[in-house]
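Encoded as structure tokens, the structure appears first; notes follow it.
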Amino acid sequence: MNHEADIAVIGGGFGGALMAMVARRLGRSVVMIERGRHPRFAIGESSTPLANLFFQQIVEEYRLPQLLSFRRWGEWQRDHPEIGCGIKRGFSFFHHRLGQVFSDDMQRRNQLLVAASPRNEVADTHWYRPDFDHHLANEAQRLGVDYFDQTELVSFDEGPAGVTLAGQRNSELVRFRAGFVIDATGPRGWLHRMLGLTQGSLPLMPKTSGLFAHFKNVGAWPSADGVPYPVEDAAVHHVFDGGWVWVLKFNNGITSAGVAVTRQRADGMGLSEGQPGWQRLLAELPSLAEQFADAEPIGQFVFVPELSFCSRQITGARWAMLPSSSGFVDPLLSTGFPLTLLGIHRLASCLGGGIDIAEYERQTISELEQVSRLVGALYASMGDFEVFTALTQLYFTAVSFSETAHRLNKPELSGGFLLCDHPVFGPATSEICESVVSLANRNETLMKIHNLIEPFNVAGLADPAKRNWYPVVIDDLFAAAAKLGSSEDTIREMLLREKLI
Ligand SMILES: Cc1cc2nc3c(=O)[nH]c(=O)nc-3n(C[C@H](O)[C@H](O)[C@H](O)COP(=O)(O)OP(=O)(O)OC[C@H]3O[C@@H](n4cnc5c(N)ncnc54)[C@H](O)[C@@H]3O)c2cc1C
């Protein structure tokens, strides 16, 4: 069987399906080729305000209104209650000492709660990927994408007229001819292996491993009076020296939980054994063990010996990898979705003649490397929660500044993900992260972080008086209007337009 298309997208997860839909909206014929079959388990679930904004920009620019309600919890619940998701009002962090029950003091030195949205209606979400990706693949077909699942590709031949991909589907030979190929198969994915590409290195990032599963019957993590949002309506991070555990609750009774740790800790806990490794981890985290006392895994544990990855080459004359195939750092800070969505937007711009592919490559690598520096520094400070907390403020400052700049239609202020292209914020962040990893003067580093944040801080962050609890306070944004070259009235108009107040 021979099939021809302008664009072949390999991988039918959310990234591939959205890319395929955008290409259709650009008037291209598209085939999407998936090895598996929906619905299927996929990891990478927690969205963020910036990711949701990038998602919204794509669906608006490429006329995909049928997807708009996935940008927010309230609209999602009204329009698609059948598609599982979780509510995410913020980022919750709890710092544990291995072997000890979690405890905190009056200053709340062992926790950090950063609200991302002021109320449930406009909250972010955790995407239950078996449902969500399935829906997107169906939507892609509705837009005219030719979809081939259960297809195992085995060859890639690039010629002057295009690329020929060949493989097998239900023991039949299939051949696809396309002008351009987009790889959306994830880290260490199909094109990376097929083209025999080499791995690059990710700055400051230690070698880490991951172990994760979906569970039922997960108990509740205790809350306290006056919290900025219900602590479990969030991406919950349990941080300890050498790693961290995530707990994400969906509205279908399923909880996603897993751990990312340095290779040394993974070996020490025998995580590669799956469930016995998970039990050994819980034994070191007694308060979390209590929450998981009645939990039962649904399906298999997945062990990933090496989480981080970066391909040295991510584009060619007739192909490109999505950011999610180009590299991956760590689930910490939920950076996978925003990077993937930025990449889809930029590749769409390449297809439409807006930017060239070399610029796509430069931006993708530069953002991946900046995420790597920040996450590498966070790993280096997991035993020192004050430094860890200060570093997270670099992330929260950069993303809230970028989000507001985009919403004010001033994308030129946003300077790449984590403000990595900003002439001051980008290099200063790199330098701070390097000094944390090299254990340079701790107090000086804390002061540098404080000073760097100030001119970009539009969300009342890094305020000791708040004792690590940061609700959304609209007045903080009004007070910071000048930092965005804006006025209080313009900010109010924007918030009303976006239905955020
Ligand atoms: C442990 C972990 C936790 C994460 N948590 C988060 C998070 O909370 N928030 C966040 O923003 N990001 C997170 N990420 C990153 C996130 O998973 C990715 O950004 C996201 O999955 C990218 O989606 P995608 O559809 O592009 O790729 P994927 O989800 O990787 O999907 C790839 C698709 O390609 C298919 N495929 C694979 N090989 C082939 C082949 N040879 N031929 C055809 N098809 C193939 C697969 O079956 C799959 O359907 C996490 C990643 C990991 C590893």
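The values are calculated or read from the model by the stated rules, or taken from the named source; none is laboratory data. Keep in mind that this is a model prediction, so the values were computed, not measured. Glycine gets a Cβ as well: all are built from the backbone with ideal geometry, and neighbour counts include every protein chain shown. When the accessible area is computed, the model is the full protein with side chains, heavy atoms only, and any ligands, DNA or RNA have been set aside. Shrake-Rupley method; radii C 1.70, N 1.55, O 1.52, S 1.80 Å.
Loop-only check: which trypsin sites (Lys or Arg not before Pro) in the stretch 6-92 are DSSP coil with at most 12 other Cβ within 10 angstrom?
Details: sites: 24, 25, 28, 35, 37, 40, 63, 71, 72, 78, 88, 89; in loops: 28, 35, 37, 40, 63, 72, 89.
Sparse-neighbourhood loop trypsin sites (Lys or Arg not before Pro): 37, 63.
For the chain, which whole-number percentage of the solvent-accessible area (1.4 Å probe, protein heavy atoms only) is attributable to carbon and sulfur atoms? Show your work: numbers first, answer last.
Working: 9680 of 19410 Å².
After summing per-atom areas, the C and S share lands at 50 percent.
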query = In whole angstrom, how far apart do the alpha carbon centroids of the stretch 136-185 and the stretch 259-276 sit?
reply = 37
request  = Write down the percent of antiparallel bridges among all DSSP beta bridges whose residues are both part of the chain, to the nearest 5.
outcome  = 70
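Classify the stretch 131-221: rounded, prolate or oblate, from the alpha-carbon gyration tensor (a ≥ b ≥ c, eigenvalue square roots; a/c under 1.5 rounded; otherwise prolate if a/b is larger than b/c)? Walk me through the intermediate numbers first.
Details: a/c = 2.37, a/b = 1.33, b/c = 1.78.
Oblate, because a/c is 1.5 or more while a/b does not exceed b/c.
Within 10 Å, count the other beta carbons around each residue, average over each peptide in 221-232, 313-324, and list them highest first.
Values: 221-232: 14.9, 313-324: 22.0.
The most tightly packed comes first, giving 313-324, 221-232.
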ask   = Could you give the nm distance between label points at residue 119 and residue 150, where each point is 7 Å from its Cα heading toward the beta carbon?
value = 4.8
inquiry  = Suppose each label sits 7 Å from its Cα in the direction of the beta carbon; what would the residue 443-residue 220 distance come out to in nanometres?
reply    = 4.3
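For the stretch 326-497, what class follows from the C-alpha gyration tensor (a ≥ b ≥ c being the square roots of its eigenvalues): rounded when a/c is under 1.5, otherwise prolate if a/b is larger than b/c, else oblate?
Working: a/c = 2.01, a/b = 1.10, b/c = 1.83.
Because a/c hits 1.5 or more and a/b fails to exceed b/c, the stretch 326-497 counts as oblate.
Computed FRET efficiency, Cβ-Cβ of residue 409 and residue 306, R0 56 Å: what is it to the nearest 0.05? It would help to have the intermediate numbers written out before the result.
Values: r = 41 Å, r/R0 = 0.73.
That gives a FRET efficiency of 0.85.
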message = If R₀ is 41 angstrom, what is the calculated FRET efficiency for the pair residue 188 and residue 280, using the beta carbon separation as r and rounding to 0.05?
response = 0.95
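Using just the helices of the chain, give the 222 nm mean residue ellipticity in deg cm²/dmol: DSSP H runs with n ≥ 4 each add -39,500 (n - 2.57), and the total is spread over all residues, rounded to 500.
Working: 16 runs with 182 residues, N = 501.
Per the formula, -11000 deg cm²/dmol.
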ask   = List the lysines whose alpha-carbon lies under 23 Å from that of residue 216, not counting same-chain residues fewer than 8 positions away?
value = 88, 249
message = Using only Cα atoms and rounding to the nearest 10 degrees, what angle (0 to 90) does helix 488-497 make with the longest principal axis of the chain?
response = 50
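Want the number for residue 451 to residue 362: 0.36 nm per residue separation, take away the alpha-carbon distance, what's left?
Numbers: separation 89, 0.36 × 89 = 32.04 nm, distance 2.86 nm.
Result: 29.2 nm gained on full extension.
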request  = Provide the per residue accessible area, probe 1.4 Å, for the stretch 40-97, rounded to a whole number of square angstrom.
outcome  = 32
request  = Could you check the simple spin-label distance between residue 60 and residue 488, using points 7 Å along Cα→Cβ, in nm with one decimal?
outcome  = 2.6
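Which of the GluC sites (Glu not before Pro) found in the stretch 52-152 are loop residues per DSSP with 10 or fewer other Cβ atoms within 10 Å of their Cβ? Display every interim value, and only then the final one.
Values: sites: 60, 61, 75, 82, 121, 139, 152; in loops: 82.
Answer in residue order: 82.
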request  = Could you provide, to the nearest whole Å², the per residue accessible area of the stretch 326-497 with probe 1.4 Å?
outcome  = 37
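Just add up the charged neighbours of residue 143: K/R +1, D/E -1, any other residue whose Cβ is under 12 Å from the Cβ of residue 143.
Numbers: positive: 24, 25, 28, 63, 142; negative: 139, 146.
Taking every Cβ under 12 Å from that of residue 143, the sum is +3.
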message = What is the angle, in °, between the Cα long axis of helix 14-25 and the longest principal axis of the Cα atoms in the chain? Nearest 10 is fine, range 0 to 90.
response = 50
